[in-house]
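Quick notes on the structure that follows.
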Amino acid sequence: MVQRRKVSPASPKDAAGELALLRLIRQRAGAHGRGGVRLGIGDDCALLRLKAGEEMAVTTDLSIAGRHFRLDWHPAESVGHRTLARGLSDLAAMGARPVAAFLSLGLPNELTLKQESRAWVERFYDGLLALANAYGVPLAGGDLAESPIAVADVVLTGAVPKGAAILRSGARAGDTLYVTGQLGGAAAELAALGADPKRFAGHTTATMISPHLYPQPRIAQGLWLRKRGLASAALDVSDGLSTDLAHLCEESGVAAEVDEAALPLSAGATLKMALHGGEDYELLFTAPAGAKIPRRIAGVPITGIGRIVPIRRGKPLVALIGGDSARALEAEGWQHFS
Ligand SMILES: [Mg+2]
């Protein structure tokens, strides 16, 4: 749990700083009695409570400096936001209601020391807790240790009525393929960030429209689809449409056709970014052809981008249809910073 530090602090002054930090986290997390959290930070375990007839959804995501974020590119608030957003997006994909978040942090010592007015780690929590509050998910525990590189491991728990979670494996030939929001925005912003790392230094709050630094998990849209039982399958676009759609097809034992002209490209995004750029955190879902899918769900546009077809020998698993021609859409998803 967060209240315990596993390595010896460098000096008594640092120790006081660490304890103050842990107190602050505990205070700000304020998880006791919120949502499904019966007992939050402070004991050996958190205690979570589900409603009768629910099952628990659990997902973990590991974020590593140099691989998932760069200390010289991403404001600390963005790193905190993105860490939590990755987990929330997985809950959204299954139509789960967020219950509690758990966070283990490994940080080099300098990130816990005050620079100017706040330490990097405090700004990290600013970003993470702002998103947590916006989505009503309490931070109910975690751990903090010194580490040679910055790592953040988040665990999200959610609840879903028994048997009602939207799985990757439910797509059937004849279903229509949909996506929420726009695609390629995160890759376009990342390209701009790479060209000028200082460009987004002032982007320290999620009120800015910033698909890479502050992606919005589609919790409301996932819940909407699950409650109405309209989606036959879903997953979140974390690695890129080409890669994630291939996952959906493999799990469902089907193939898919994507209409190039139908793809909702983000402003500034190229087709390549929309197809292969990662971290858009939109939902990719399927629904039977007769299902009444609205144009917007909870304010976010929904676009039909293709269809599910049977697997045919000699045909690609995922085909991109442009005009009269079809070509294989190879999975070339997100490689992060490698
Ligand atoms: Mg996912």
Please work out the average accessible area per residue across the chain, using the 1.4 Å probe convention, and give it in Å². 44 Å²
GNM flexibility winner over the chain from Gly141, Gly181, Gly194 (Cα, springs under 10 Å): Gly194
Expressed as a percent, the accessible surface of region 25-125 that is carbon or sulfur, using a 1.4 Å probe and the full set of protein chains, is 49 percent
What angle, in degrees between 0 and 90 and rounded to the nearest 10, separates the Cα long axis of helix 12-29 from the longest principal axis of the Cα atoms of the chain? 50 degrees
For the chain, percent of DSSP beta bridges that are antiparallel (nearest 5) comes out at 75 percent
Highest first, please rank the peptides 263-272, 309-318 by the mean number of other Cβ atoms sitting within 10 Å of their residues. 263-272, 309-318
If you take every DSSP beta bridge whose two residues both sit in region 97-230, what share of them, in percent to the nearest 5, is antiparallel? 60 percent
What's the angle, to the nearest 10 degrees (0 to 90), between helix 185-195's Cα axis and the longest principal axis of the chain? 60 degrees
As an exercise, find the ratio Rg/Rh for the chain from alpha-carbon atoms, using the Kirkwood inverse-distance average for Rh. 1.00
Considering only protein heavy atoms and a 1.4 Å probe, what is the carbon-and-sulfur percentage of the accessible area of region 135-210? 59 percent
Please report how far the C-alpha centroid of region 100-120 lies from that of region 141-161, rounded to the nearest whole angstrom. 13 Å
Using a Debye calculation, one point per C-alpha and no hydration shell, please list log10 I(q)/I(0) for region 15-139 at q = 0.11, 0.15, 0.18, 0.21 Å⁻¹ in order. -0.40, -0.74, -1.04, -1.33
Tally Lys and Arg at +1 and Asp and Glu at -1 over the other residues with C-beta under 15 Å from the C-beta of Ala188: what net charge comes out? -3
Do you know the relative contact order of the chain, to the nearest whole percent, from alpha carbon pairs under 8 angstrom that are 6+ apart? 21 percent
Protection proxy ranking of 145-151, 86-92 - average other beta-carbon atoms within 10 Å, highest first: 86-92, 145-151
Packing rank of 57-69, 225-237, 73-85, where each peptide gets the mean count of other beta carbons within 10 Å, highest leading: 73-85, 225-237, 57-69
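The values are calculated or read from the model by the stated rules, or taken from the named source; none is laboratory data. What you are looking at is a predicted structure, and each value in this text was computed from that prediction instead of being measured. Don't worry about glycine lacking a Cβ; one is built from the backbone with ideal geometry, like all the others, and counts go over all protein chains shown. Surface accessibility is based on the protein's heavy atoms, side chains included, excluding ligands, DNA and RNA. Shrake-Rupley method; radii C 1.70, N 1.55, O 1.52, S 1.80 Å.
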